[in-house]
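The values are calculated or read from the model by the stated rules, or taken from the named source; none is laboratory data. All values reported here derive from a predicted model rather than from experimental measurement. Here Cβ is always computed from backbone atoms with ideal geometry, including for glycine, and neighbour counts include all displayed protein chains.
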Amino acid sequence: MSEASGLGSGTGTPPLAAGSSAEGEPGWTAAVRRRLDGRLPLEEVLPTRQPAFVGSWVYVFGVVTIAALVWVLVSGTVLAFMGSAWWHTSDLGHFFNSIHFWSVQMFFIFMVLHLWGQYWGAGWRDGRAKTWMVGVVLFLVSIVTAFTGYLIQQNFDSQWIAVNAKDAINATGLGGFFNVLNFGQMYGIHVMLFPIALTLLVVLHIVQVRSRGVVRPIGDPYVPDTGESASTGASQ
Amino acid sequence: MNGRRPKIDKTDYYRGIRMTPYDLIKEISIATVGILVAVLILSAVLSSPDIPSATIQAWAKSDPVDFVTTAASELAGQTTTAQYGPPYTTGSGSVQSIGPIEPQVWAGVHVAVNAPLDFVLQPLSQATVGDQTLASALTTFNNASAAQQQKWLATYNQALGSAKLVDNEVSVPSGDYGPVPVLMSRLLTLARSGGLDALLLTSEHFYQTDFSKPLLFLSDGGYFPGLAQAQDLTGSQWGMMNETGRYPGQAWLWLFTLWYQVPPIGSASNADLLVVVVMTVLSLGLLLVPFIPGLRDVPRWIPVHKLIWRQHYRSMTK
Ligand code: HEM
C-alpha cells in the first residue's frame, strides 16, 4: 500500500504534463508517442472545423463506404456466430444473409464511386500518394474478400465459382496454397483473416487522411509561405 | 531530437481557404443509419440467392448416362481432372504457360488427385462389403494389365455412345468390356444412394472440409455445366461475375471477365494466365497512378473537378 501511494513521486522525475509529446525523451516508447502525437492529435482525428469545400458530395462516398462496411461486419458476425448451415435452414438466417449480401453490394458501389471521386479530384496530391495506394490495396483486398465470400455460400453458386476460378489461380501456381475447392480454407480466410486485414487497412487509411487533412482543390494549390504576407489571392 | 510535426502545418496548408463548422460523428451516424435502412429494404424486398448445391447423388439420379460416361472416363484417366497437371496431377492437360514461364509447373502437385483411384476404385472397394460380384469384378480389373484395362474401357466408352436407360440401369450393346459394366453399375447405385458424395470426402481424418475431389469429379461431367448454363452462369455469358437469378454478382470483376471476351486473349489456350498477367499489370498501374505521368494528369485535362468543387471555384472567382 505504502509503495503504491509512492508511485510516480519522490523519484526525482518531474510528473508528466498532460499532452506532453515526450519532447526530448530518449527511448522507443517516447519516439512512438512523439510520432503519434505529432501526426494525429485528437482534434485532428475528430475535427469540428473543415475547409468549406468538404461540403462537396464527393466526400460523402468515403463515409458511406465505412457505413456499409459496418453493416457487412455486423451481419457477417451474426452469420459466423450462428454457424454455416443456419441461413440455409432458417428464415431469420436467410434474412441476415440478405443483409450481408446487400451491404456488400452497397460497400462496393460506394467504394468504387469513392475511387473515381478520388481519381478525378487527384486525391493523391500534396504528399497523399500513400493514402491513394492504401486505398488501392483496400480495393484489391475487398475483391478477394468478397470472392472468398461467394465461395463459402454453400450453394450452387459457390460450386460453380470455385470450379471456374480454380483454373486462373492454378495457372499462377498458387492453386495448391489457395485452394478454392477447399471450403475449410476459404471459410477461415473469409471469416477471419481478410476482415481483420480489411479493418486494419481502413483504420490506416483514415489515419492517413486525418493526419494530413483533405487535399486542396485542383487549380487552387498550396503555395508555401515565403514570408511575404501576400497570399495567393485567388481564394481570398 | 525534436518532436516530429507534420511537414506542412494545416493552418498553413489551408491558407486562404474558408473553414466551416463540421460534425464528423453526426455525418457518420446519419450514413450508418441510412445504409441500414436501404439494406433492410433491399433484403426484405429482394432477399438473396440460394440455389441448392449440386450433388453427385442428384447427378446420378437425373442423368445416369452422363454420370457413367464420366466415371468410365475417370477410370480410363481421360477426363480433364485426370490429365490436369499441377496442383492435382503430374500431367500437363491444363497447364498454362507463357513461353518458358510456367509457374503452374514450378509450384508442383499440392492437392494430389488420382482420378481412377480416388473417384472410382477406392470408393468401390469400400462398398464391397457383402457384395461378392463387385469384389471379384474389382479383383479382375485390378489384376488385368494396363493395356487390357484400357481396351475394356475404350470399347465400353464407345458403346456408351448408344447407351440406353433400361429399368433405370445404363444398358449398352453387348461386347467385351470385362468387369467394367459391373463396376459402373455398382458405382451408379452407390452414387444414387448418396454414398459416393460421402466417400469422396473421406480421408484419414474424421473432420472434413475439403471438397476438392467431389467438385473436380462433378466438373468433369456434362450435368454440372448444364445446370450452370440453365442459370446463365457460363463464361461466354460473363459467368464469373453473374449470380443465379437476376441478382447482382461480383460486378467488380467486370474488367477481369472482359478479357475473356477479347478474341486473342479469350481464345488462347493460356487465357487464364494471360488475363491474370494483364490484371496484375493494370492493378499495379492503378496503385502507381500518382507516379505515372499522363495517368496522373488526366484529372487536370478533363476537368471533372469543376463539378466536384463547383462551389469552391465559384467563391474563388468572386
Ligand atoms: C474500404 C474502402 C475505403 C474506405 C472505407 C475509404 C474511406 C475514406 C474516407 C472516409 C476518406 C475521407 C474523405 C472522403 O470521405 O472522401 C478517404 C479519403 C481518401 N481515399 Fe479512401 N476509402 C476506401 C478506399 C479507397 C480507394 C479504393 C481509393 C483509391 C484507389 C481511396 C483513395 C483515397 C484518397 C486518395 C483519399 C484522400 C482524399 C483527400 O485527401 O482529399 N480510398 N477514404
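Would you kindly identify the helices (runs of 4 or more DSSP H) lying entirely within region A:71-158 that contain at least 1 residues that are touching a Gly at 6+ places or on another chain (Cβ under 8 Å), within 14 Å of the ligand (Cβ to nearest atom) and β-branched (Val, Ile, Thr)? Steps first, answer last, please.
Numbers: elements: A:86-89, A:91-120, A:129-151.
Fully inside region A:71-158 and qualifying: A:91-120, A:129-151.
So residue A:172 ticks every box in (1) modelled with pLDDT under 90; (2) surrounded by fewer than 19 Cβ atoms within 10 Å (Cβ to Cβ) but one. Which box is left unticked?
(1)
Restricting to region A:163-207, what's the tally of residues that are within 30 Å of residue B:228 (Cα to Cα), of a type in the set (Gly, Ala, Ser) and assigned to a helix (DSSP H, G or I)?
Number of matching residues: 5.
Looking only at helices (runs of 4 or more DSSP H) that fall completely inside region B:1-96, which ones have 1 or more residues that are loosely packed, with under 15 Cβ neighbours inside 10 Å, without any contact (Cβ under 8 Å) to a residue 12 or more places away in the chain and within 11 Å of chain A (Cβ to nearest Cβ)?
B:10-13, B:24-46
Yes or no: residue B:81 touching a helix residue (DSSP H, G or I) at 6+ places or on another chain (Cβ under 9 Å) and closer than 30 Å to residue A:172 by Cβ?
Details: touching a helix residue (DSSP H, G or I) at 6+ places or on another chain (Cβ under 9 Å): yes; closer than 30 Å to residue A:172 by Cβ: yes.
When the stated conditions are applied, residue B:81 passes them.
Is it true that residue A:66 is part of a helix (DSSP H, G or I), away from the ligand (no atom under 16 Å from the Cβ), surrounded by 17 or more Cβ atoms within 10 Å (Cβ to Cβ) and at pLDDT 95 or above?
no
Which residue pairs have Cβ atoms under 8 Å apart, sit 6 or more places apart or on different chains, and have a first residue in region A:55-77 that is farther than 11 Å from residue B:28 by Cβ and in contact (Cβ under 8 Å) with a residue 12 or more places away in the chain and a second that is within 9 Å of the ligand (Cβ to nearest atom) and not in a helix (DSSP H, G or I)?
So the pair list comes out as A:58/A:121; A:59/A:214.
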